[in-house]
1. Can you run down the residue pairs with Cβ atoms below 6 Å, 6 or more apart or on separate chains, where the first is in the stretch 17-44 and closer than 10 Å to VAL57 by Cα and the partner is part of a loop (DSSP other than H, G, I, E, B) and modelled with pLDDT under 95?
2. Pairs, please: C-beta under 6 Å, at least 6 apart or cross-chain, first residue under 12 Å from PHE10 (Cα atoms) and in the stretch 123-134, second open to solvent by 100 Å² or more (accessible area, probe 1.4 Å) and not in a loop (DSSP other than H, G, I, E, B)?
3. Going by the structure shown, is THR51 part of a strand (DSSP E or B) and within 25 Å of GLY90 (Cβ to Cβ)?
4. Here are some conditions: (1) open to solvent by 40 Å² or more (accessible area, probe 1.4 Å); (2) modelled with pLDDT of 95 or more; (3) of a type outside the set (Ser, Thr, Tyr); (4) more than 16 Å from the chain's Cα centre (by Cα). ALA88 meets all but one. Which one does it not meet?
5. Taking the residues in the stretch 65-85 that are in contact with a Lys or Arg (Cβ under 8 Å, 6 or more places away or on another chain) and not in a strand (DSSP E or B) as candidates, determine which candidate is least open to solvent (accessible area, probe 1.4 Å).
Amino acid sequence: MAFAFEPDTFGHVWTTPAVPAYTATVSNDTPAPQAGTLTVVTRSYDGSETTRQERPVQLPPGGAVKVPFAVPVKLNGYHEITATVSIAGGTWTEKRSFVRLAPDTRAEKWTEGQGALFGYWSYHGGHHTPNAEH
């Protein structure tokens with residue numbers, strides 16, 4: 001079995017009103033069909049908000065399935081997210097974290113003296129920075 005749990009948006013960052021979303025990919029490397037459950041749990045930084053979703057997973061022999069998860073959290077800020085797949089007596093857990101930001105109310109163009117300048121210097125993939133397309 002193989003298991004991947006990846007964000008639908010680069011960097012695990014969503015700005016409100018966007019809803020955080022992930023896609024789980026579960027692969028079956030056996031010649032027999034497999035059935036199990038996929039559970040996704042979130043917890044806000046302060047612990048005041050938690051969510052839990054559980055879905056059945058049916059894997060064809062030698063095949064894979066993709067399972068999308070929207071995570072409609074209410075609080076802005078840092079959240080832990082844990083995805084666990086349980087199939088054929090085995091368990092595989094992947095842990096991640098994501099951030100939900102408040103709506104961006106800054107002007108599209110910065111004008112000196114009117115608010116903070118926001119951004120970063122991009123090395124376009126050098127020095128461990130994101131590639132230019134991100």
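The values are calculated or read from the model by the stated rules, or taken from the named source; none is laboratory data. Note that this is a predicted model, so its numbers are computed, not measured. When we count neighbours, we look across all protein chains shown, and the Cβ atoms used for this are built from the backbone with ideal geometry, even at glycine. Heavy atoms of the whole protein, side chains included, go into the accessibility calculation; ligands, DNA and RNA do not. Shrake-Rupley method; radii C 1.70, N 1.55, O 1.52, S 1.80 Å.
1. If the second residue must be part of a loop (DSSP other than H, G, I, E, B) and modelled with pLDDT under 95, the pairs left are GLN34/ASN28; GLN34/ALA88.
2. Close Cβ pairs (under 6 Å, with a partner that is open to solvent by 100 Å² or more (accessible area, probe 1.4 Å) and not in a loop (DSSP other than H, G, I, E, B)) amount to HIS134/PHE10.
3. Values: part of a strand (DSSP E or B): yes; within 25 Å of GLY90 (Cβ to Cβ): yes.
The answer is yes for THR51.
4. (2)
5. VAL73
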